[in-house]
Amino acid sequence: MKLTKQDVVARFLPATLAEGAQAEAFAPSNIALCKYWGKRDKELNLPINSSLSVSLAHLGSRTRITPSDDGADHVLLNGEEQPLDSKFAGKVIAFVELFRRELDQPLTIDTHNNIPTAAGLASSASGFAALMLALDKFYDLALEPQLLSAFARMGSGSASRSIYQGFVEWQMGHREDGMDSYAMPLEQSWPELRVGLLKVATGEKKVDSRAGMQRTVETAHLYQSWPLQAAADLEKLTDAIVRRDFELLGSTAEQNALSMHATMIASWPPLLYWQPDSVAAMHQVWQLRADGLPLYFTMDAGPNLKLLFSAEHQQAVCDAFEQLEVVAPFSG
Ligand code: 2P0
């Protein structure tokens, strides 16, 4: 029988928890330089490949948990109450239930994302990481970071990486219960590194990451090459970070993203997250690079680009791309 999230989490918790008073936690968004794409276990969000990301410092989610005084759960997002039968509230409550179990304590879960909505960034990574960190405090669990990461992963795979700031590697692991599939921070920092969030289009995407990666794994023959590509890229990125080799970092991240998109395009029905403006922006990056600007991009399951460059080139990059939101991941 397949293990469920409930089975796995229960093993690490006391039989019953004490009711909590209140707790609040923040977790950053993250951008993968080596992407997570494809699962070997959908229930536990166990990946087919290891991945590596950089967290976005102050951009992310802040979640507050308080006891609710009217006998019912409440889920708020950016100050607005979400119906309990909505997709968002359903996911939040299902995750809370992994910990609350038979405790009869209704809660208010209040999440604020400060990710610029204009940047079209996904917020499930920071959202589940912040929720996990808040639950850890609320129930006074004092879990180790590796457990926090493994549990956050069950909410959303990429949330495993949002437990930490800086460069983060999520090792795929091999165990059936997934407890060796968690993220760890790298010790290296890179103060001059900049990530530029370039908005191409906003609005809900038609196929979310979860469905998109499943379709790719099931229908794209090209996907067979992905785990090899990801493993080689992860090694190159680690080397680039250790040596602070920006060209190696940028070129590897860009090729990794385009390789992931190639597997998406080779799916059936095809998955093309790009808009015409995404392609135009890619050509603009390539032209600027040909003209001598060290500038690279990465892209996720959406039309927007994330630009990678060094602080010394920020002015030139901002001149080329108006309204770029620039993040310094190692600023603090
Ligand atoms: C990543 N993405 O590594 C990749 C690149 C999107 C493209 O992680 O099903 O929202 O919740 O585990 O974590 C988005 O996938 O998917 C993602 P689930 P998740 O950042």
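The values are calculated or read from the model by the stated rules, or taken from the named source; none is laboratory data. Here the structure is a predicted model, which is why all the values come from computation and not from measurement. Don't worry about glycine lacking a Cβ; one is built from the backbone with ideal geometry, like all the others, and counts go over all protein chains shown. The protein model used for the area step is the full one, side chains on, heavy atoms only, and it has no ligands, DNA or RNA in it. Shrake-Rupley method; radii C 1.70, N 1.55, O 1.52, S 1.80 Å.
In the chain, the DSSP-assigned H stretches of four residues or longer account for a calculated mean residue ellipticity at 222 nm of -11000 deg cm²/dmol, using -39500 (n - 2.57) per stretch and the full residue count as denominator.
Taking a sphere under 13 Å around the Cβ of G79 and counting the other residues whose Cβ falls inside, with K and R at +1 and D and E at -1, yields a net charge of -1. Summing charges over all other residues whose Cβ lies under 11 Å from the Cβ of Q146, with Lys and Arg as +1 and Asp and Glu as -1, gives -1.
Note on the chain: with neighbouring protein chains present and a 1.4 Å probe, carbon and sulfur make up 52 percent of its accessible heavy-atom surface. Accessible surface for region 5-185, divided over its residues, is 38 Å² per residue with a 1.4 Å probe.
Under 1.5 on a/c is rounded, so check that first for the chain, then, if it is not, pick prolate when a/b is larger than b/c and oblate when it is not; a ≥ b ≥ c are the square roots of the alpha carbon gyration tensor eigenvalues.
Details: a/c = 1.74, a/b = 1.55, b/c = 1.12.
The shape class here is prolate.
I'd like the antiparallel share, as a percent to the nearest 5, of DSSP beta bridges with both residues in region 5-185. Numbers along the way, then the final one.
On the way: 29 of 33 bridges.
Bridges in region 5-185 are about 90 percent antiparallel.
Of all DSSP beta bridges confined to the chain, the antiparallel ones make up roughly 90%. Solvent-accessible surface of region 193-327, taken per residue with a 1.4 Å probe and all protein chains present: 49 Å².
Count charges around L197 for me, please; just the other residues with Cβ under 15 Å from its Cβ, Lys/Arg as +1, Asp/Glu as -1. If you can, show how the numbers build up before the last one.
Details: positive: R194, K199, K306; negative: D277, D300, E322, E325.
Around L197, the charge tally is -1.
Each of M213, Q323, A25 was scored by the projection of its Cα onto the charge dipole of the chain, and the greatest displacement toward the positive side belongs to M213; charges sit on the C-beta of Lys, Arg, Asp and Glu. Take the chain, connect every pair of alpha-carbon atoms lying under 10 Å apart with a spring to form a Gaussian network, then pick out the residue of Y164, Y139, Y182 with the largest mean-square fluctuation. Of the options given, Y139 has the highest mean-square fluctuation. Between K236, K206, K137, the GNM of the chain built on Cα springs shorter than 10 angstrom shows K206 fluctuating the most. Principal axis extents of the Cα atoms in region 66-196, from largest to smallest and rounded to whole angstrom, are 48, 38, 24. Dipole size of region 112-186 about its Cα centre, with +1 on Lys/Arg Cβ and -1 on Asp/Glu Cβ: approximately 240 debye, rounded to the nearest 20.
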